Amino acid sequence: MQITISRDQFLKPLMQVSGAIERKHTLPILANVLLEVKDGILSMTGTDLEIELVACVELEQPAPDAKITLPAKKLLDICKSLPDGATLTLATQEHQLLLTSDQSRFSLTTLAAEDFPNLESWDGEVEFQLTRLELRSLLESTSFSMANQDVRYYLNGMSFEVDNQDIKTVATDGHRLALSQTHLAGSVGMQRQLIIPRKGVQEIMRLMIADDTLITIQFGANHIRIIDVEFTFTSKLVDGRFPDYRRVLPRGGDKIVTANREWLRSAFQRVSILSNEKFRGVRLNLTNGLLKISANNPEQEQAEEVVEVMYQGDDLEIGFNVSYLLDVLNTLKTEDVTFTLLDTNSSVLIEGVDESESMYVVMPMRL
């Protein structure tokens, strides 16, 4: 391999694919990035056997076809440390690669490209297009509710569902649920639901810029692929059955509270300071036009806030994990929010006023 390329051209795709690479792994080659030159295009690939990221850059100077693997973290750290506008020259010498830039010289050990694992090839059964902004919004609106290392492995990810013209993302950890949806311009003509693993969701959000560039999404039997103009992302799916979220959505709630989102968020934030650090419980007392939020902790410290709300109905007392409520209020962007409640033992449904794309369910807790 012999290529000359600017630092900026080389660094961007390298940073994109490095997110898929695990530093600690039983297979040494999984700590490496695959560099391949073919027909004047330099492609970089990183994988942890569960997700795979490929990014490409067109070479300005001709270079012979070749491929090698290099230690990803060391290569990334070297490129970051070089000055802006620097020119890199990469040349292989037996089992090493010599990277030079002006007065800097680095010799890196290579591993055989033939040993680099590739996710098996597959055909997309479902294909549709979204903008980057639409996909990012779907994931950001729900990702905080994913479980983390739950024994119910199917909760450690996000349900991604396409139903003709509707796209839904749903995440739950068993204590709360987040749902977001959008509509496609054209119909896919079928219904499919899959579960994207937690790391896959986080990588997509890291890569996805919030603009109107169209991306292509493909569903396979065991994979999802996102094809962007800058990269191709592939992830294995979680093999499991996601809970039927429709059964969790509260029904029959007759106590509807409307309040300014920022006022509520600030009040919950202040009261949470003196909540029990382990259980994070806060008590809500609802009366006509007023919501009292209170908390205490084992040190006998107490906090109380009263917020003006739009509510006419019976008095109600109910407890919640304040962290769950704050996650929702931090995610919603509307000026006002509504809480729909039934009784002390039922979950609350939280929605933004005049915003029907997202809804959130939080289970109550005993205090």
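The values are calculated or read from the model by the stated rules, or taken from the named source; none is laboratory data. Everything numeric here is computed off the predicted structure, so don't read it as measured data. For neighbour counting, all protein chains shown are included, and Cβ atoms are generated from backbone atoms with ideal geometry for every residue, glycine included. Ligands, DNA and RNA are stripped out before the accessible areas are found, and what is left, the full protein with its side chains, is counted by its heavy atoms. Shrake-Rupley method; radii C 1.70, N 1.55, O 1.52, S 1.80 Å.
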Ordering 51-61, 186-196, 103-113, 163-173 by per-residue average of other C-beta atoms within 10 angstrom, highest first, gives 163-173, 51-61, 186-196, 103-113
Taking Cα atoms, the helix 7-18 axis meets the longest principal axis of the chain at an angle in degrees (rounded to 10) of 50 degrees
Residue by residue through the range 224-236, which ³J(HN,Hα) values in whole Hz follow from phi under the Karplus form 6.51 cos²θ - 1.76 cosθ + 1.60 (θ = phi - 60°), with glycine and proline marked x? 10, 10, 10, 10, 10, 5, 9, 7, 10, 10, 10, 9, 5
What is the Cα centroid distance between the range 91-139 and the range 337-367, reported in whole angstrom? 43 Å
Suppose every Lys and Arg Cβ carries +1 and every Asp and Glu Cβ carries -1, with no other charges. What dipole size does the range 1-97 come out with about its Cα centre, to the nearest 20 debye? 340 debye
Note on the range 173-220: C-alpha Rg/Rh, Kirkwood Rh, two decimals, gives 0.97
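Please label the shape of the range 26-87 as rounded, prolate or oblate, based on the square roots a ≥ b ≥ c of the eigenvalues of the alpha-carbon gyration tensor (a/c under 1.5 means rounded; beyond that, a/b larger than b/c means prolate, else oblate).
oblate
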Residues of the range 111-237: accessible area per residue at 1.4 Å, in Å²? 43 Å²
Treat every Asp and Glu Cβ in the range 278-367 as -1 and every Lys and Arg Cβ as +1, leave all other atoms uncharged, and give the resulting dipole magnitude about the Cα centre to the nearest 20 debye. 440 debye
Which loop GluC sites (Glu not before Pro) in the range 118-172, with loop taken from DSSP, have no more than 14 other Cβ atoms within 10 angstrom of their Cβ? GLU120, GLU125
Loop-only trypsin sites (Lys or Arg not before Pro) in the range 120-154, please: DSSP not H, G, I, E or B, and at most 14 other Cβ atoms within 10 Å. ARG152
Does the range 152-293 come out rounded, prolate or oblate, given a ≥ b ≥ c as the square roots of the eigenvalues of its C-alpha gyration tensor, rounded meaning a/c under 1.5 and, failing that, prolate meaning a/b above b/c? prolate
Divide, for the chain, the radius of gyration over alpha carbons by 2.2 N^0.38 Å, where N is the residue count. 1.21
Cleavage-rule hits, GluC sites (Glu not before Pro), the range 265-367, DSSP coil, Cβ neighbours within 10 Å at most 12: GLU277, GLU299, GLU301, GLU335
Counting pairs of Cα atoms in the range 85-179, how many percent are more than 19 Å apart? 67 percent
Any idea what the alpha-carbon Rg over 2.2 N^0.38 Å comes to for the range 209-343? 1.44
